[in-house]
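Below: one structure, written as structure tokens.
The values are calculated or read from the model by the stated rules, or taken from the named source; none is laboratory data. This structure is a prediction, so every number in the text was calculated from the model and none was measured. Note that each Cβ is placed from the backbone with ideal geometry, even for glycine, and that neighbours are counted across all protein chains shown. Ligands, DNA and RNA are stripped out before the accessible areas are found, and what is left, the full protein with its side chains, is counted by its heavy atoms. Shrake-Rupley method; radii C 1.70, N 1.55, O 1.52, S 1.80 Å.
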Amino acid sequence: MAAPPTRRPLPTRIAIEAPEPLLDCGRYRAKRCVGDTLCVSATVFRDGHDTLRAAIRHRAPGARRWGEAEMRRVDADRGGDRWEGHVVLDRPGRWRLTIEAWSEPFATWSQELTRRLAGGQKEIGSELIEGGDLLREAADRARGDGARQISAAAAVLTDEARPTQERSLVALAEPLAQAVAAAPDRAHPALLEREIEVEVERTRARFGAWYELFPRSWGGLAGVQRILPELAELGFDVLYLTPIHPIGHTNRKGRGGSLQAGPQDPGSPWAIGSPEGGHTAIHPGLGTIEDFDRLVAAAADHGIEIAMDFAIQCSVDHPWLREHPEWFQHRPDGTIKYAENPPKRYQDIVNVDFDCQDSRALWKALRDVVRFWADHGVRIFRVDNPHTKPLPFWEWLIERIRADYPETIFLAEAFTRAAMMKTLAKLGFSQSYTYFTWKNSRHELTEYVSELARSGMQEYYRPNFFVNTPDILTEYLQVGGPPAFAARLVLAATLAPSYGIYSGFEHFENAPAAPGSEEYLDSEKYAIRQRALDGPLLPLVGQLNAIRREHVALQHLDNITFLATENEALIAYVKQTGPSTIAVAVNIDPRFTQEGLAVVPARELGLGSSFAALDLLSGERFRWQTGANYVRLAPGGAHVLQLGRS
């Protein structure tokens, strides 16, 4: 005898659509930091008129159980079906989330009863019996006092000897509705087809002030350690060291990048590797691994993290060329193929061949380089030119490093096409260099920062606004003099939560190698300077870093509102997070004093019609208002105003 057919459950009648945050249909993960409140939203609806409920189910890294947060409709007054809920992210790692939705039969019944009564319908005995049946089912699901309360109400609704009005009042009582809602029937809920994953990192992944230097210009690792107290006093959070490894001798570049190196020319730190070692060795002129360990520990004592440069390139003298020649490209005549980026040629550098037959061994060797420095306390890596290496490699590497060191931060130095920069951020890089370096006009800055903060990029792309780099001295800095440096510093420090300066910026170094070039004259990439923390711009640096730490509004990006100024030489904006409200106005003209109006919108900021404005740079006090506010600034000058309700 044939077995009876199995009865399959009916498909859910509830639709959950357009969940956020969801990157590329779940291919990549949105990013947040510890302490953030994650907003999760979706469109939730079903056929008919049933009352729905929805919740976010979330599982923190390492948690054994799923937590839950209620969702609410946020556009019901407009007839919409968008639901939203919030989850506090209290630990780093990969969070898993889904959305669950279900129907509420008793709430649906209650709404129908309310409409019947409002319409004057008298004959509702059958409906009250139906409500009683729903309550009995809810009582079976409930516990304790809730179960007793629901059972008592069910008895009243099904007691036909009682007056209809009394039964109706019991049925529609708010405490009963709450008790039933606390015991929903979720045996067959609607669920997202695919879970949402969110990568949660520590706060330094979003917020920090970086200082970049060449250790050889500061007396090696011991010399760098001696300036840590000054860097801490200036408010720097991250000290980024250019490569500290042995430098090759073959084809070593000379002063200014010339092809002929003299006996005293130190070569480029990015030409990594010599008979003294490769990526896990330290240049003998800088110190030893013990010196490095002392530097990392001393930096931590001062609240500073050491960031290492991870550059996947080698000099011809790197040990890998002897040990693994198959990892490198050769020309048809058998000679090694050095690196090129036409018209630039890097005769002192060779690239590894990611398409070689032994690519997996190469990947593992590079992973082991990062692990080596992580074992020595490094948790931040600035990655040189990641856009010239395979994307699958970076996804693989970052995943494996974070499996052992989940707090590791990776900064992508990728000045390239937008699609590549965005994808590097999506697949795991914590921060990214940006086009800010070349955005100088009010329109360019407003448009670009608005894209970073509002276009959806804010879900995964964390910008680091470096004002200069050893490779980039912009025309604006070359011709603008000290006012240009001051303006760019204020913009970087107040527009982006993370920003950085390369040493020499505080000294207004602005001499190019040649007209039209962005290279520095006598670039430090090929020479040793005698550096010291005594630049005239450092007091402003210290002020800005202190302000950034004190005012949480400057620690976020997507909280920005640009203000109309009616003067293209003036840019103004407000950042607001909770009660912290900071307004910034900058004269981006490095030659002339400029004046104009900063127009505060009427409703967006909730400050009232008139409010106090304290300039955190100068100590001056102003009275600002909703609408137009007069601003007059010297060349490169700025206001950083704390706005207060009054």
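The table that follows gives values for the structure above.
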{"quantity": "Cα gyration tensor shape of segment 1-114, rounded if a/c is under 1.5, else prolate or oblate by comparing a/b with b/c", "calculated": "oblate"}
{"quantity": "Per residue convex hull volume, Cα atoms of segment 410-488, in Å³", "calculated": "95"}
{"quantity": "Share, in percent, of DSSP beta bridges within the chain that are antiparallel, nearest 5", "calculated": "70"}
{"quantity": "Phi-based couplings in Hz for segment 513-523 (Karplus 6.51, -1.76, 1.60; Gly and Pro marked x)", "calculated": "5, 7, x, x, 9, 9, 7, 6, 5, 6, 3"}
{"quantity": "Rounded to 10°, Cα long-axis angle of helix 442-454 versus longest principal axis of the chain", "calculated": "50"}
{"quantity": "Cβ-placed point charges (K, R +1; D, E -1), dipole of segment 1-105 about Cα centre in debye, nearest 20", "calculated": "620"}
{"quantity": "Among the listed pairs Lys31/Lys389; Lys389/Lys439; Lys364/Lys389; Lys253/Lys525, those beyond 18 Å (Cα-Cα)", "calculated": "Lys31/Lys389; Lys389/Lys439"}
{"quantity": "Percentage relative contact order, segment 9-86, counting C-alpha pairs under 8 Å, at least six apart", "calculated": "28"}
{"quantity": "Label-point separation in nm, Ala419 to Thr335, each point 7 Å along Cα→Cβ", "calculated": "3.6"}
{"quantity": "Cα gyration tensor shape of segment 333-455, rounded if a/c is under 1.5, else prolate or oblate by comparing a/b with b/c", "calculated": "oblate"}
{"quantity": "Cα-centred dipole magnitude for the chain, charges only on beta-carbon of K, R (+1) and D, E (-1), debye, nearest 20", "calculated": "560"}
{"quantity": "Vicinal HN-Hα couplings computed from phi for segment 199-212 (Karplus, 6.51 cos²θ - 1.76 cosθ + 1.60; Hz; Gly/Pro x)", "calculated": "8, 10, 10, 6, 4, 4, 5, 9, 10, x, 10, 10, 10, 9"}
{"quantity": "Per residue value of the accessible surface for segment 582-640 (all protein chains in place, 1.4 Å probe), Å²", "calculated": "48"}
{"quantity": "Extended-chain gain in nm, criterion 0.36 nm per residue less alpha-carbon gap, Leu537 and Leu10", "calculated": "182.7 nm"}
{"quantity": "Cβ charges +1 (Lys, Arg) and -1 (Asp, Glu), total dipole of segment 393-470, debye", "calculated": "180"}
{"quantity": "Long-range HN-HN contacts of Thr581 with modeled amide H, under 5 Å", "calculated": "Leu643"}
{"quantity": "Cut-off under 5 Å, modelled amide H: who pairs with Tyr28 long-range", "calculated": "Leu23"}
{"quantity": "Charge-dipole axis of the chain as Lys and Arg at +1 and Asp and Glu at -1 on Cβ define it, positive-most pick from Pro512, Thr561, Phe106", "calculated": "Phe106"}
{"quantity": "At 0.692 mPa s and 37 °C, Stokes D of segment 532-646 from Kirkwood alpha-carbon radius, µm² per second", "calculated": "225"}
{"quantity": "Cα shape, segment 568-634, gyration tensor, a/c 1.5 rule", "calculated": "prolate"}
{"quantity": "For the chain: relative contact order, % (alpha-carbon pairs under 8 angstrom, 6 or more apart)", "calculated": "10"}
{"quantity": "Long-range amide H partners of Leu521 with built H, under 5 Å", "calculated": "Ala511, Ala513"}
{"quantity": "Rounded to whole Hz, the Karplus (6.51, -1.76, 1.60) HN-Hα couplings of segment 118-135, x for glycine and proline", "calculated": "5, x, x, 6, 9, 7, 10, x, 4, 5, 5, 4, 4, x, x, 4, 5, 5"}
{"quantity": "On Cα atoms only, tilt of 391-404 relative to the major axis of the chain in degrees", "calculated": "80"}
{"quantity": "D_trans [Stokes-Einstein, Kirkwood Rh over alpha-carbon pairs] for the chain, 37 °C, 0.692 mPa s, µm² s⁻¹", "calculated": "115"}
{"quantity": "Alpha carbon convex hull of segment 477-605, volume per residue in cubic angstrom", "calculated": "124"}
{"quantity": "Solvent-accessible area, 1.4 Å probe, carbon plus sulfur percent, for segment 567-606", "calculated": "54"}
{"quantity": "Relative counts (whole %) of C-alpha pair distances in segment 164-312, using bins that are 10 Å wide", "calculated": "9, 26, 19, 11, 6, 8, 8, 7, 4, 1, 0"}
{"quantity": "Selection from Pro184, Leu538, Asn351 lying farthest towards where the dipole of the chain points positive, charges on Cβ", "calculated": "Pro184"}
{"quantity": "CD proxy at 222 nm, helix term only [per DSSP H run n ≥ 4: -39500 (n - 2.57); per residue of the chain; nearest 500]", "calculated": "-8500 deg cm²/dmol"}
{"quantity": "Positive-end extreme of charge dipole, the chain - chosen from Phe372, Ile196, Gly608 (charges on Cβ)", "calculated": "Ile196"}
{"quantity": "For segment 418-502: accessible area per residue (Å², 1.4 Å)", "calculated": "25"}
{"quantity": "Folded to 0 to 90 degrees: helix 359-375 orientation relative to the chain principal axis, Cα", "calculated": "90"}
